[in-house]
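Heads up: the structure comes next, in structure tokens.
No value in this document is a laboratory result; all are computed from the given coordinates. Just so it is clear, the model here is predicted, and its values are computed rather than measured. As a convention, Cβ positions derive from the backbone with ideal geometry for all residues, glycine included, and neighbour counts pool all protein chains shown.
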Amino acid sequence: MPDKVLAFYIRLSSEDRDLKTNALKNESNSVFNQRRLLQDYYDTHESLHGYKVIVFCDDGVTGTHFDRPKFDELIEMARNQEIHCIMVKDLSRFGRNFLEMGNYLELILPLYGVRFISINDAFDSDDYLGVTGGLELALRNLINNMYSRDLSTKVRSAFRTRNLRGEYWGGNGFYGYQVHPHNKKRLIVDEQVRDIIVMIFESCVAGMTTSEIAQMLNDMGIPSPLEHKRRNGGFYNGVVKEETGIWLKGAVRKILTDERYTGKMITNTRETEEVGKPKMRSLPRDQWIIVPGTHEAIISEELFRAAQNALQGRIRNVNKNTAGNRANNLFVCGCCGRKLRKNPAKEPHLVCPKNDSIKGAECAGIFVNQAHIEQAVLQMLREQSRSFLEQHCLMQACIDKKLSSIQTELDANTNMTRRLQSRKAELYEQYRAGRISREKFADIQKTDSEKLARLSCRAEEIKRLLVEHYESRGNLAAGKRTADQIILLKDYDPEIIRNFVERVRVYPSGEIEIDMRTSSGFAFVTAS
């Protein structure tokens, strides 16, 4: 039975695909062909027949970084001496980062005693025992690194070119449009909902609010965009806010502000922040690519502009009339999270605005006297403040004692780490001078590395605890200041209370919950 393990490492990413057709630029890079090449090399080299073969494959992962699931598993097994040889089609399959590749080939893998074979580069680390892979290997790694960055620039350029042509690139169309069955880059109107979209725009121009339009659509039994997509077999990756797929005013507003309904294709609204990283950033409108006439318009340009004017005019009026009340309103619906709206009356009450668009919603039970609930909140804050001040001194003493203990452990950890790191350099000098064997050096290095890893892990935990306790002490001081100020309050003052309170959740049962701001130093408060 073989007592050594040989790992085939296979990687395929979007870097290997053609920018226009999305097909592989070089079929030899496919997972199947990489594996066949590795297997053929293994079969024709008898020196490898004593190894047991296992396969690791990262499919769809870039080579510009080493944060890959199967790669991490491969290196972990190598670190634990469970893998003795790694074989790849070429160096670019292992990675495209010049500095990291050199680190793995010249330091990490030799230290673990792992042989490395790159077939197309004619590289076998057993041929370079005690020396580096030479200038040719370094140049290959550098070229792979530069290739990846150059390709990123080409990809961006290709995306921009297709965006300038007004092509559509998406698995599904958006509400109102479908992907053309014979040309996936074109959109055609979804006749099932054409009239609905026109009705939404005309209703807005006629003076209806987005809430009123949403309620009208729900009363008519018209499926929401999400429900329409589900019924027509489309996929949906967003967060579903409403399980029943009902119309909400946010969905109506999204349609009313989407200029694509006038026949324009709008792209280049976001871009990646860094090569090989998935994080995106939004771009300002002046950098968007807007191409008119790419698909049939559902509404005219004039109707769209009229709807925008109606929306903006309504927003200005709402802001002018209710800005002060909304800014100081801390009360939200405990069921759906929307801000409660004041219902003008002799004695003002707070209600959930969801009732405007959905009849019979669970939020309908929320109808509370504003003055009464404000006094209830003030009373809860006063009681919490008194309780907090009574325990303040005891909590401060406990935190200070724990901080002292944590700091002592961190100092001991730091001293031990420094000693092991110093010995690491000394051991390497002894190994280079021939005073200790490679096996002994590797054994000691492995033991010390494991100790350092444990110390480093524990140091991170200690530092985290230290930060948490310092934050607790800071929160305690902030809490005392908050409690002192609340005790002095005579009446409910929203401008002052909002400095401590993030929001107040109100439930149909009459129960209320108060979310305190982090800076207040107070915890979450519940009462009924």
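Details
- Global size of segment 394-528: 25.8, 82 Å for Rg and Dmax (C-alpha atoms, Rg to one decimal, Dmax whole).
- Theoretical FRET efficiency, 1/(1+(r/R0)^6), r = Cβ-Cβ of THR269 and ARG498, R0 60 Å, to 0.05: 0.95
- In this structure, the amide hydrogen of ASN343, modeled 1.01 Å from its nitrogen in the peptide plane, lies closer than 5 angstrom to those of HIS349, LEU350, VAL351, counting only residues at least 5 positions away or on a different chain.
- Using a Förster distance of 25 Å, the FRET efficiency for GLU426-LEU111 (Cβ separation, nearest 0.05): 0.95
- With the simple model of a label 7 Å out from the Cα in the direction of the Cβ, ARG438 to PHE32 spans 4.1 nm.
- Peptide ranges 506-517, 412-423 listed from the most packed, as the mean C-beta count within 10 angstrom indicates: 506-517, 412-423
- Distance (nanometres) between label positions extended 7 Å along Cα→Cβ at PHE159 and LYS254: 2.1 nm
- Note, ³J(HN,Hα) from phi for segment 412-421, Karplus 6.51, -1.76, 1.60, rounded to Hz, x at Gly and Pro: 5, 4, 5, 5, 5, 4, 4, 5, 5, 5
- Each Cα pair under 8 Å and six or more residues apart adds its separation to the average, and for segment 407-528 the resulting relative contact order is 19 percent.
- Length gained when the stretch ASN80-MET220 is fully extended (0.36 nm per residue, less Cα-Cα span): 43.9 nm
- If the chain linking LYS4 and ALA477 were pulled fully straight, counting 0.36 nm for each residue of separation and taking away their Cα-Cα distance, it would gain 164.2 nm.
- Pair ARG517, SER47: separation of 7 Å Cα→Cβ label points (nm): 7.0 nm
- Computed over the Cα atoms of segment 165-206, pair by distinct pair, the Kirkwood hydrodynamic radius stands at 11.4 angstrom.
- Ordering of 109-116, 438-445 by packing [mean C-beta count within 10 Å, highest first]: 109-116, 438-445
- FRET E, pair GLU468, ASP195, Förster distance 45 Å, beta-carbon r, rounded to 0.05: 0.20
- Label zone at GLU347 (point 7 Å along Cα-to-Cβ), backbone N below 15 Å, segment 365-384: 367-376
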